[in-house]
Amino acid sequence: MQGTSRVLVWDIPTRVFHWLLAAAFLGAWLTGDSERWRLIHVTLGYTVFGLIGFRLIWGLAGSRYARFRSFLFGPSETWAYIKAMLANRPAHYLGHNPAGALAIFGLLGLGLATAGSGIAKEYGLGGEWLEEFHEITANGMLVLVLAHIAGVMLGSLQHRENLARAMVTGYK
């Protein structure tokens, strides 16, 4: 992207959401197995739930690159992008690329499932199966977070742009 101008892609609400969700999920995941930290775990779970609720609204009413319609890709386009990325020749997208979009929708879905099952557990619903579901979705979300980070690192190298910095400054 040398010789091109910087463009504001990620608005402040999207960036604040992103980093708050990352912090809340990490904190909730780290405190999940400790009775001593239970209140913090539950509070962070509600925070994740609220943040995702905000993001769902912002995905419909937010700025151009925050709107879901700006990163809706079909399965064939997503698979083609992933193959091109693995071959070190991915197309460049100003907003989310198809692999990033897949990660975002997956993280939102797993986040809702994890937070929702945790809240239901707090109200004594579901029993043992719900606890297992909660743990499976939380661990699945962690795996997807790690894949997302790896994708950001790979995409940053392939496109010679610091994607993590873009999520701090908003500019690409």
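Read the figures in this text as sums done on the coordinates, not as results from a lab. Remember, predicted model here, so these are calculated numbers, not experimental data. Cβ coordinates were reconstructed from backbone atoms using ideal geometry, including for glycine residues, and neighbour counts include every protein chain displayed.
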*Considering the dipole of the chain built from charges on the beta carbon (Lys and Arg +1, Asp and Glu -1) around the Cα centre, which of N139, W129, A99 is farthest to its positive end?*
A99
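Quick one: putting +1 on the C-beta of Lys and Arg, -1 on the C-beta of Asp and Glu, what dipole do you get for the chain around its Cα centre, in Debye to the nearest 20? Show your work: numbers first, answer last.
Values: 14 positive and 10 negative charges, 197 e Å.
Using Cβ point charges on Lys, Arg, Asp and Glu, the chain gives about 940 debye.
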*Sum -39500 (n - 2.57) across every DSSP H segment of at least 4 residues in the chain, then divide by the residue count to get the 222 nm mean residue ellipticity, nearest 500.*
-24000 deg cm²/dmol
*asked:* Placing unit charges on C-beta atoms (Lys and Arg positive, Asp and Glu negative, everything else neutral), compute the dipole magnitude of segment 61-154 about its Cα centre in debye, rounded to 20.
replied: 700 debye
*May I ask for the percentage of alpha-carbon pairs in segment 43-117 that lie more than 20 Å from each other?*
39 percent
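Can you check what the net charge comes to around A61, using other residues whose Cβ is under 13 Å from the Cβ of A61 (Lys, Arg +1; Asp, Glu -1)? Walk me through the numbers before you get to the answer.
Numbers: positive: R55, R64, R67, R69; negative: D11.
Around A61, the surrounding residues sum to +3.
Among the helices of the chain (complete DSSP H runs), which have Cα atoms covering no less than 18 Å along the helix axis and a Kyte-Doolittle mean of at least 0.5?
Passing helices, by number: 12-31, 38-61, 98-122, 128-159.
Under 8 Å for C-alpha pairs, at least 6 residues apart: give me the relative contact order for segment 22-172, rounded to a whole percent.
Value for segment 22-172: 19 percent.
Using Cα pairs under 8 angstrom and six or more residues apart, how large is the relative contact order of segment 92-172, in percent?
On the way: 46 pairs, mean separation 24.0, N = 81.
Value for segment 92-172: 30 percent.
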